[in-house]
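Below is one structure; the comments refer to it alone.
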Amino acid sequence: MESYGGSDDIQVTAIGILPDEVYNRTLSWWRAGIRRLVKSSLDWESNVIANMQERIRTPFLDRYFVNTSSLGTHTFFMTMLPAFCFFGYVEITRGLIIVLSLGVYVTSFVKDSVCSPRPFSPPVTRLTIGSHHLEYGFPSTHCTNSVSMALYFFTVLRRLHTTPVTVTLSESVLQNATHSIQEVLPQMMISQTTYYLGCMILLFYTFSIVYGRLYTGMHSFTDCTIGVLIGVGIWGLFELCGDAVDQWLITAGWIVPATVIPFVLLMVHRHPEPVDDCPCFEDAIAFMSVVMGHWLTRWYTSRYGFDDTFFVSTMQGKAIGTVLEMWTWWSIAVAKMVIGILVIFAWRIFAKFMCHHILPPTFRFLAQLFTLPHRRFYTPATDYTNVPTDKGLRAFPSVLDLPGMITLEADGVSTARINESSQGQAQMKQRATGRSSSSKAESEKPQFNDRVGLGVTGVDSELGGRKEPGVSHYDADVLTKVFVYCGIGILATGVIPVVFEVIGWGLWP
């Protein structure tokens with residue numbers, strides 16, 4: 001492996017690797033106890049993963065598992081879900097929003113509660129893309145999301161495979177029939193071949209995500225096992241309660257917004273505070289706010305005549321047909337996606353601008369009347385005048401900001417740099433982070449200082465209104481995310497589909 005020894009290659013990014021006494025002193029007894037239990041096997045699991053990597057790693061598999069890991073991220077789901085709404089698959093969207101949102105929130109809740117690190121590197125060679133390495137390791141959100149989504153789609157496939165198509169038989173056929181209708185094998189909505197092919201695709205997708213977390217050194221066996229179990233549990237919970245919740249949303253009165261809004265805000269408020277500055281909290285805010293927007297939209301559209309019966313138009317043309325039919329259909333399809341995504345982007349820009357100008361002075365005024373809730377690593381409005389334009393919620397989704405490179409790390413010390421090729425694609429550079437003795441691994445660990453974990457110094461002190469060194473979050477960011485992502489849920493599941501129906505583009509393909 002090629003080595004780059006320049007100091008400009010190094011940036012400290014890992015969390016969860018502070019001295020154990022820091023976590024024992026800061027966390028409650030039960031949180032610290034769970035962390036010790038999870039971390040007790042991490043050394044052994046790291047060595048096993050390192051042995052596996054040494055035997056099977058290839059450049060092709062590196063790129064395959066790193067790139068497919070993006071299919072298990074919340075940013076992928078946040079861009080995929082609106083497409084289902086724009087093309088009439090609203091029921092699928094409703095289910096996916098719930099199972100994926102619960103998966104992100106539950107795993108984020110557990111991560112920030114336990115504060116367990118990822119597998120140690122060295123001996124593990126950690127490959128990552130994006131900023132997921134900045135989160136705690138236990139449990140794996142990728143595993144939870146991939147399993148819950150695969151099981152949900154399996155339920156859809158199973159229902160289609162066992163649901164017969166309604167067939168109208170002519171009178172002559174009925175008169176000449178030699179068998180009763182009960183003896184006729186019904187035609188299902190999808191064939192058996194399609195059903196088994198879909199199941200194989202779901203299995204392959206789940207394997208790629210779950211095993212990929214081990215291959216890339218991003219998670220331990222414990223992380224993945226618990227993540228899978230959480231995914232199964234969330235899917236089971238949705239199967240038990242999903243229809244009842246949906247029925248309550250469309251039949252209840254004003255009790256729905258009076259319950260949904262405080263419930264989601266309470267979930268945001270009660271999210272545990274980690275020892276390190278972990279971005280899990282922001283992921284949980286985003287998804288639960290989308291749920292709030294979706295539930296409010298479901299209640300409003302059912303109450304005021306914009307429910308499923310409102311959408312009766314189909315898209316003009318055909319996806320596969322004559323040249324004119326295909327041109328018409330695909331032109332409308334592309335226009336729907338482009339306009340829909342642009343509307344969401346425009347909403348993000350506008351809502352962020354408004355919130356960052358309205359919320360800070362509002363918080364400062366309310367702070368004079370009573371004590372406002374304060375979260376560690378988030379600077380209160382009394383300590384700043386304006387939110388810098390380069391801080392807080394970005395105008396565009398983070399999926400657009402993913403770096404075009406594979407990053408390898410050693411205990412939080414990044415060992416990758418961007419190297420643009422002649423085609424403009426980023427290439428991978430890496431250090432020699434192979435198997436080493438325990439003494440060598442110990443000597444290569446970074447020193448614990450203010451840069452590691454963001455908030456080591458003064459972790460037990462009252463943060464009050466003081467901004468800790470390195471902290472770049474502002475209290476306005478929290479409600480800004482709630483407002484922005486709630487609006488995205490309303491636009492994607494309600495407003496934009498209604499507009500497409502009104503202008504004649506239709507939803508159904």
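The values are calculated or read from the model by the stated rules, or taken from the named source; none is laboratory data. Keep in mind the model is a prediction, meaning the values are calculated, not measured. Here the Cβ positions follow ideal geometry from the backbone for every residue, glycine too, while neighbour counts run over all protein chains shown. Just the protein is used for accessible areas: all its heavy atoms, side chains included, with ligands, DNA and RNA removed. Shrake-Rupley method; radii C 1.70, N 1.55, O 1.52, S 1.80 Å.
Values computed for the structure shown
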read-out: With all protein chains modelled, accessible area of R118 [1.4 Å, Å²]; value: 10 Å²
read-out: W29 versus M52: modelled label distance in nm, points set 7 Å from Cα along the beta carbon direction; value: 3.6 nm
read-out: Sequence of H473, H294 from largest to smallest accessible area, 1.4 Å probe; value: H473, H294
read-out: Longest to shortest principal axis, alpha-carbon extents of the stretch 243-374, angstrom; value: 67, 34, 29
read-out: Percent of alpha-carbon pairs separated by more than 15 Å within the stretch 94-158; value: 59 percent
read-out: Rounded to the nearest 10 Å², the accessible area of L160 at probe 1.4 Å; value: 50 Å²
read-out: Computed accessible area, T297, all protein chains, 1.4 angstrom probe, square angstrom; value: 10 Å²
read-out: Probe 1.4 Å, all protein chains present, accessible-area order of F87, F483, largest first; value: F483, F87
read-out: Local net charge near Q316, Cβ-Cβ under 15 Å (Lys/Arg +1, Asp/Glu -1); value: 0
read-out: Net lengthening on full extension, D307/L197 (0.36 nm per residue, minus Cα-Cα); value: 36.3 nm
read-out: Heavy-atom accessible area ranking, 1.4 Å probe, most first, across E135, E273, E282, E91; value: E91, E273, E282, E135
read-out: Share of carbon and sulfur in the accessible heavy-atom surface of the stretch 226-294 [1.4 Å probe, %]; value: 71 percent
read-out: Relative contact order (%) - criterion: Cα under 8 Å, at least six apart; region: the stretch 235-362; value: 18 percent
read-out: Net charge of Cβ neighbours under 14 Å - reference C486; Lys, Arg +1; Asp, Glu -1; value: +4
